[in-house]
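In what follows, a structure is listed as structure tokens, so that the remarks can point back to it.
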Amino acid sequence: MSRVRLHATPFVPGRARGVIRHGMTGARPDSLLVLAQEELRPFVVPPAGIVVVDGAPLSHPMIRLLGRGIPTVMMTAAQAADLPPGMEAVLDGTAGLITDVTVEETAPSALLATPLRSGELVTADGSAVDLRASVADAAGAAVALANGATAVGSLRSEFLVPPAGKIPDAVFYEQALRAVCEIMRPLPVTVRLPDFSTDKLPPWLEPIPGMASALGLRGARIYGIEPVRGVFRAIVQAAARLAPEYDLALLIPYVTRLEEFRRLRHEIEGLLPVPLAVGSMIETPAAALAISDFLSAADFITLGCNDLMQGLFAADRDLAELGALLDPYAPVLFRFLKRLAEEACDEMDRVQVSGLLPQVPGVLPLLLGMGYRAFSVEPVMIPYLARTVTTTDAVAAEALMIAVCAAADADSVRELLGLPPAGVGR
């Protein structure tokens, strides 16, 4: 057998050893499973590691995979052809490396991260940084707390589903939200109001005409349509009941125009007996370019980078065929985010960054260099990102960020960050 050493794209950090197997039928605890994105579905028996072939990293299936914490890399079909079934190999999801064990029986381990301890997280030169968690339920909150999250930056409420697929009411949401808040107490919890899409339909909701399009009916755009309207109001009512006991906030997803936000905030406040912070997700270029206006109307904002990139590059993030267009190292993306940071200026303490982007290798220091200081990420990533924060000098990161923004193309950015060009094989 020829020796194998493949450079892939890191996706989920960690290190795994196992036998190469192709397809979901090969899912076993000792497998390094090679899958196309369309094959991804919940695992009955999780594999040791995963290789995703020609995947779109910002797609919903890939984001859910990130949350599982299974060491994962991404590669092209041409690279995957060098992974014969039955070969025993080591997968390094942090470095983006797959090696035949005959090459590196004792390969240097990927950076092993330990949970973030309590206390303020600061950069090497003393700038405070807030690493919050994006979670779907109480189990996710427990992982977030164990890994050192400073808050729940986004509780994705569309994943809170009552037994038997019933339409959830305020009583159900009060119980579900309380379970998360109790785990995180006394840390803050931000509840993102439902962001339903055809890929995230609960059992009680039939597809609504117009939902299938990536730029169609979703997020706050369907809050006036039953039964979503009743569910939206039930979550707000549940949060209102819990507000006296916990540090809670509400976040409205997929708002494009300031008028939308003001109308929904007015409706929310009509359901609240006590004041509650209300924020807006910024997920479209139009909303992003009005960031100053949103900051004047909202208590805080969250930049949803997954959908923001989808709109910026006009590419459906769930289509693997368009994955290359959503390049997280494109210079224009960093120029855009730098502009938003400059617009936010002294209000940056009310801006949170969420989505895959801050979790991509090499990107967090660039965001720190722009002045972003609060991030909502997958719980499994917090220890790795904390290590990056503590070893990053914000002043040096700013200089690197300026060079990245001036770069001609994505491969130039990768070179500046010390990363291999896209699609590099052996």
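Just so you know, all these numbers are worked out from the coordinates, no wet-lab data involved. Model, not experiment: these values are computed from the prediction. In this analysis, Cβ positions are derived from the backbone assuming ideal geometry, glycine residues included, and neighbour counts consider all displayed protein chains.
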Search result, residues across the range 286-311 that are in a helix (DSSP H, G or I), in contact with a Leu (Cβ under 7 Å, 6 or more places away or on another chain) and over 12 Å from A214 (Cβ atoms): A288, I291, D293, F294, A297, C305
With a cut-off of at least 3 residues that are among the hydrophobic types (A, V, I, L, M, F, W, C), in contact (Cβ under 8 Å) with a residue 40 or more places away in the chain and touching a strand residue (DSSP E or B) at 6+ places or on another chain (Cβ under 7 Å), name the strands (runs of 3 or more DSSP E) lying wholly within the range 148-255. 248-255
